[in-house]
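First comes the structure, then the notes that go with it.
The values are calculated or read from the model by the stated rules, or taken from the named source; none is laboratory data. Here the structure is a predicted model, which is why all the values come from computation and not from measurement. Because the Cβ atoms are built from the backbone with ideal geometry, glycine has one as well, and the counts that use them run over all protein chains shown. Ligands, DNA and RNA are excluded from the accessible area calculation, which covers all protein heavy atoms including side chains. Shrake-Rupley method; radii C 1.70, N 1.55, O 1.52, S 1.80 Å.
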Amino acid sequence: MNGASTKDPIKMNAAIPDGPIQEKWDKHRFDLKLINPANKRKYEILVVGTGLAGASAAAALSELGYKVKVFCIQDSPRRAHSIAAQGGINAAKNYPNDSDSVWRLFYDTVKGGDYRAREANVYRLAQVSNAIIDHCVALGVPFAREYGGTLSNRSFGGAQVSRTFYARGQTGQQLLLGAYSAMMRQVAAGGVEVFARREMVELVVIDGRARGVVCRNLVTGKLESYAGHAVLLCTGGYGNVFYLSTNAINSNASAIWRCHKKGALFANPCYTQIHPTCIPVSGDYQSKLTLMSESLRNDGRIWVPKKKLDGRKPSEIPEGERDYFLERKYPSFGNLVPRDVASRNAKQVADDGRGVGSTGFAVYLDFADSLKRLGVDVIRERYGNLFEMYEHITSEDPYQSPMRIYPAAHYTMGGLWVDYNLMTSIPGLFALGEANFSDHGANRLGASALMQGLADGYFIAPYTLGGYLGTARLDKVDTIHPAFAEVEGAVRERLQKLLSIKGKRTPSEFHRELGKLLWDNCGMGRNEAGLMKCLAAIPQMRERYWKEVMVPGTNEEFNQALERADRVADYLELSELLVRDALHRKESCGGHFREESQTEEGEAKRDDANFSYVGAWEFAGAGRDPVLHKEPLAFEYVKPSQRSYK
Amino acid sequence: MNLTLKVWRQKDGASRGALETYAARDISPDASFLEMIDIVNEELIREGKDPIAFDNDCREGICGTCSLVVNGRAHGPQRNHTVCTLHMRHFKDGDVIVVEPWRSRAFPVIKDCVVDRAALDRLTAAGGYISVPTGSAVDANAILVPRDSAEKAMDAAACIGCGACVAACPNASVSLFLAAKISQLALLPQGQPERERRVKAMTALMKAEGFGNCSWERECEATCPKDIKIANISRMNREFLLAALSSAEH
Amino acid sequence: MNWLCEFMTSSIGKKLEVALFGFFLCMFLVVHLGGNLFLWAPAVGGDPGHWFNLYANTLESQFFITFAELGLAAVFLVHIAVTLWVQWENWKARPIGYTTTAWAGGRTISSASTIYTGVILLIFLIVHVRAMRFEERFGGQLYSHVLHELTGTPAAVFYLVCMAALGLHLSHGVQAAARTFGIDHPKFTPIIEKLGLAFAIVMAGSFGAIAVWGGWFAGGKP
């Protein structure tokens, strides 16, 4: 028994296999029960979400013989937001011969996560990373190549080895299309059925096990029930709780949040990642923030004027009056410090009045030196599409003048608590990819999200799901079971309630208000006073929401306002848990920076004695405080130290 | 800036639609086109009216969800743009802007400017993949891909599947979308074993789905947000011809 | 033979047929123009039609001429019929059009008008064949017959309009046919495009020149 908890000890069994870390996964795979190939087709697996994790899991499971139903909110499974990942995917191939290894990738990931991840999970991630590259190449992913035809690698934020594989600035797109194509092959073969424009609105739990989902057909508004033997949540993170983030407009937290309310523990919600290189906010109308791959930091230099409120154009500021603050403070990593460090430093200089651009919330990312050193052609080859994107959005040419960048909410390391098998605390409910909490600790390294999504989908869940199905006694369940009607009824009631309020304010107005509150008080820097303020404000906002929101139309139609309203209602609940978690964790670690806990130099200061655990929250019912369960983290292989990138 | 929008409104697939006029007031030139519609929609919602339905998601030009025909051009007037990355600075104060959905028999309207593009998924399912079961891949560097082929494959693979090529084609042909995938896989060594099967299966479906035929008008190429070239269609035709002539069926 | 049927009726297959038979028609144009150039051959013994009549009568007395004519008719028929089929499918593919249309810069006048120039050429074909092939022809004096048909402003204008249509049709058709056959290469495509344009200009220009000559300058001569 690995977890200590205050209430239900069984829920927190992380199920980490015994033995040396290098052998755990092999041993576990041997220990997992197998299912007779002929019996696999009798199992129906419901996969929610078609990003890297969902599409790869659906493909791999169908290849094994399971019957898979896949649901996505987009009009096509190919559009999941994994597609927007730019920079690359890590693997421990050591092709560049620069001393990389599974062990080093494992070490870097645990350290990069600021010692708040589970060692066994991270080791397994590093172990399967190579197989991911092999498989993606076999699927036809057009990774960058050297002239000799071998794969090309680059180094990426926070890593001192070149272990990142990439396809121009569209790596996420290419990996997703690879997984999507593998899944579509299974669609043609009859093993996978895709249900597009369906939003999972509720989980169905029967006899304590996840046995189905209720989806809203976004075209007709009809509620549809689907029964299965297990449910895989691959629905991504909750970054859109901040309203402005790099996530897609429709990325949302409703699926994981509703599963949380059905009993799945929610781990480390306060671990949110703010990405340092995004295009700054330009006005109130802004609906999203656009990320520029942090690979840009390989050749771009970040600076601000030394003088406060320096209104000069960048070209007019002489070299001596520029502050290359990352290079100055972190001479060995320079512009390549991990995301949290880069983001926080940008915030510090902006708060200091040295930010640039019309709002003052931006710093320069300058390519002048690289252009001089490497020439326009090399820079265009490496970053051409990113430069183009920047120019599209800002109408400024980064070949001529430095980019302006600023941090933005990007990724959430927190998510549903899962055990070593990626199963949540509800048996039969698995969470894969960004939806779970497992591998990145308090901070995710660049190019590791794609790795994790595909590891979970292609190479982990297909094994561990079999282990669950092989041992669980699962009675036959279909959608005539009364639990489905009951859940459908509750969903219908909730939607009707939203539609009947007929207030004066739009769902987006509330969302914007919530986002600003969180960004200011629970974003890059957090302190007790600000968090307490949020904790008081959010319930009030929620109450106002359910009195003042305006949702036109009916449920029985294509109704985007209703979709949004339903999701915002969940953000108004989830945000409170996020704040509560941030408040309880009185240390700084990774993306969670408590201003009360910093070193004299202003760096994040962990408190291993008191906070070396996973904080997993249990929903205790509406209006009740959630219950915290703690899964202690043991570091047997990577000894925690204060991260230093000096 | 202030603008007049004429937007296609259609309750659902079974209803008839028509253009309706809306005013967009106080729009910042730095706002994106979709943010401009957001502003109009917020106003409509506040009034309890049905907001304009339109597909959108990533809003950074990569997911391929957004699909508006602006003043007769799929994705609007800017070359190599999706409509979500089109900014209002490209319009003038007082402009009248006509907004319509993709038009094709294969893309039926769901509501307003939202269409059903599932046909593109079915085309992919017909053969837009390499059949390699998870776990059976060789070491990634065991497959050498000449850099030039990899680059060309990547040019084709950049397709975001938005369907603007269909919307822009005078014949509503899906050739560019199809050719991009067929080209990508034909250019890579991994794609060779299924080369003939793929081109035949995928092109056969394009007719069945009700798309038109390519007559080299090049509107697709001029509209494609990812600048995918019609050379890919030539390659598809070449693949098709070779497959038809050389395969052993009878 | 199932595969052949599938191939011939497939989307690309049909375009290949149009392109292939279009190519045959281009060959025919070359031959036709070659024959027409005899109109301008030097007079022999005061007879300007000597060479042309000799050429025409020799050609028409060949045993294969009927087969050749039937073959040519078939080529025209396939090119036209398959194009109409393809066009009908294209129109069907967009049952509801746009209220506003603006082209993105891919279309050219010639590509946009190919189907219409094709229809003009079909009308021309009917008129031309009826006039040149099926009317009473002054007993072997084809030269005189041609002049008779061409002389006068209405005829010249009709011919010129149709030859302009031919030029437009070819300037898109030749390069499109090459692409349909999959001939596309960064090095050679620009050359093919230029050759296609040159061919269109030479054909339309030469036949047009004959129309001008016949319409306004050669008239009145015996």
Inset, instruction - Over the whole of C:83-96, what's the average partner chain Cβ count within 10 Å per residue? Rounded to a whole number, please. - result: 6
Inset, instruction - Give the angle, between 0 and 90 degrees and rounded to the nearest 10, that separates the Cα long axis of helix B:147-157 from the longest principal axis of the Cα atoms of chain B. - result: 40 degrees
Legend entry - A:Trp417, C:Trp91, C:Trp51, C:Trp3, ranked by accessible area, largest first (probe 1.4 Å): C:Trp91, C:Trp51, C:Trp3, A:Trp417
Inset, instruction - Give me the percent of the accessible area of segment B:96-142 that comes from carbon and sulfur atoms, probe 1.4 Å, all protein chains in place. - result: 55 percent
Legend entry - Separation of alpha-carbon centers, segment C:176-222 and segment A:413-448, rounded to whole Å: 67 Å
Inset, instruction - Before rounding to the nearest 500, sum -39500 (n - 2.57) across all DSSP H runs of length at least 4 in chain A and divide by the residue total; then give [θ] at 222 nm in deg cm²/dmol. - result: -11500 deg cm²/dmol
Legend entry - Buried solvent-accessible surface, both chains (C, B), 1.4 Å probe, Å² to nearest 100: 3700 Å²
Inset, instruction - Rank B:Asn56, B:Ser104, B:Ile27 by how far each Cα sits towards the positive end of the charge dipole of segment B:3-111 (+1 on Lys, Arg Cβ; -1 on Asp, Glu Cβ) and give me just the farthest. - result: B:Ser104
Inset, instruction - Please list C:Trp216, A:Trp303 in order of solvent-accessible area, largest first, computed with a 1.4 Å probe with all protein chains present. - result: C:Trp216, A:Trp303
Inset, instruction - Pop out a list of residues from segment A:263-298 that are at least 30 Å² less accessible with all the protein chains around than in their chain alone; 1.4 Å probe, no ligands or nucleic acids counted. - result: A:Tyr285, A:Ser287, A:Lys288
Inset, instruction - Out of all DSSP beta bridges with both ends in chain A, state the antiparallel percent to the nearest 5. - result: 70 percent
Inset, instruction - Send over a whole-number figure in Å² for the accessible area per residue of the protein assembly as shown, probe 1.4 Å. - result: 37 Å²
Inset, instruction - Over both sides of the A-B contact, add up the buried accessible area with a 1.4 Å probe and give it to the nearest 100 Å². - result: 6200 Å²
Inset, instruction - Apply 1/(1 + (r/R0)^6) to the Cβ-Cβ distance of C:Ala209 and A:Glu396, taking R0 = 56 Å, and write down the FRET efficiency to the nearest 0.05. - result: 0.50
Inset, instruction - Mind pulling the angle between the C-alpha long axis of helix C:11-36 and the longest principal axis of chain C? Nearest 10 degrees, somewhere in 0 to 90. - result: 20 degrees
Legend entry - Near-label residues of segment B:168-182 by backbone N, under 16 Å of a point 7 Å along Cα→Cβ of C:Leu122: none
Legend entry - Separation of the A:Gln160 and B:Lys49 label points, Cα + 7 Å toward Cβ, nm: 6.3 nm
Legend entry - Residues of segment A:494-516 buried by at least 50 Å² on assembly (accessible area, 1.4 Å probe, chain alone as reference): A:Thr506
Inset, instruction - Give me the percent of the accessible area of segment A:275-410 that comes from carbon and sulfur atoms, probe 1.4 Å, all protein chains in place. - result: 50 percent
Legend entry - chain C, dipole about Cα centre (Lys/Arg Cβ +1, Asp/Glu Cβ -1), debye to the nearest 20: 560 debye
Inset, instruction - Treating only the Cβ atoms of Lys and Arg (+1) and Asp and Glu (-1) as charged, compute the dipole magnitude of the protein assembly as shown about its Cα centre; round to the nearest 20 debye. - result: 560 debye
Inset, instruction - When a/c is below 1.5 the answer is rounded, else prolate if a/b is larger than b/c, else oblate, so apply that to segment A:275-410 with a ≥ b ≥ c taken from the square roots of the Cα gyration tensor eigenvalues. - result: rounded
Legend entry - Among C:Gly13, C:Ala209, C:Trp103 the positive-end extreme of the charge dipole of the protein assembly as shown (Cβ point charges): C:Gly13
Inset, instruction - Provide a list, ordered by number, of residues in segment A:154-175 showing at least 30 Å² less accessible area with every protein chain present than when their chain is taken on its own, using a 1.4 Å probe. - result: A:Arg168, A:Gln170, A:Gln173, A:Gln174
Inset, instruction - Provide the percentage of antiparallel DSSP beta bridges, counting only those with both residues in the protein assembly as shown; round to the nearest 5. - result: 70 percent
Inset, instruction - At 1.4 Å probe size, with no ligands or nucleic acids counted, give the accessible surface of C:Val78 in Å², nearest ten. - result: 50 Å²
Inset, instruction - Assuming R0 = 22 Å, can you tell me the calculated FRET efficiency for the pair A:Ala634 and A:Gln598, based on Cβ-Cβ distance, to the nearest 0.05? - result: 0.25
Inset, instruction - Can you send over the carbon and sulfur percentage of the accessible area for segment A:488-604, probe radius 1.4 Å, protein chains only? - result: 51 percent
Legend entry - Nearest-10 value in Å² for the accessible area of B:Ile233, using the 1.4 Å probe: 0 Å²
Legend entry - Contour minus Cα-Cα distance for C:Ala73 and C:Glu193 (0.36 nm per residue): 40.4 nm
Inset, instruction - Assign one of three labels to the protein assembly as shown, namely rounded, prolate or oblate, based on the Cα gyration tensor with a ≥ b ≥ c the square roots of its eigenvalues; rounded applies when a/c is under 1.5, prolate when it is not and a/b is larger than b/c, and oblate otherwise. - result: prolate
Inset, instruction - Pop out the ³J(HN,Hα) list for segment A:63-74 in order, Karplus 6.51 cos²θ - 1.76 cosθ + 1.60 with θ = phi - 60°, rounded to Hz; leave Gly and Pro as x. - result: 4, 6, x, 6, 8, 10, 10, 10, 10, 9, 7, 6
Inset, instruction - Work out the FRET efficiency for B:Ser15 and C:Leu84 from their Cβ-Cβ distance, taking R0 = 22 Å, and round it to the nearest 0.05. - result: 0.10
Legend entry - Accessible-area ranking of A:His584, C:His148, largest first, probe 1.4 Å: C:His148, A:His584
Legend entry - Angle between chain B longest axis and helix B:231-246 axis [Cα atoms, degrees, rounded to 10]: 40 degrees
Legend entry - Under-5 Å amide H pairs with A:Asp366, H placed in peptide plane, nonlocal only: A:Arg301, A:Ile302, A:Trp303
Inset, instruction - Mind grabbing the accessible area of C:Met27 for me, 1.4 Å probe, Å², rounded to tens? - result: 90 Å²
Legend entry - Selection from A:Phe242, A:Gly357, A:Asn268, by position along the positive dipole direction of segment A:234-383 (Cβ): A:Asn268
Inset, instruction - Calculate for chain B the 222 nm mean residue ellipticity that helices alone would give, adding -39,500 (n - 2.57) per DSSP H run of length 4 or more and normalising by residue count, nearest 500 deg cm²/dmol. - result: -10500 deg cm²/dmol
Legend entry - Other-chain or far-sequence residues with amide H under 5 Å of A:Tyr271's (modelled H): A:Gly414
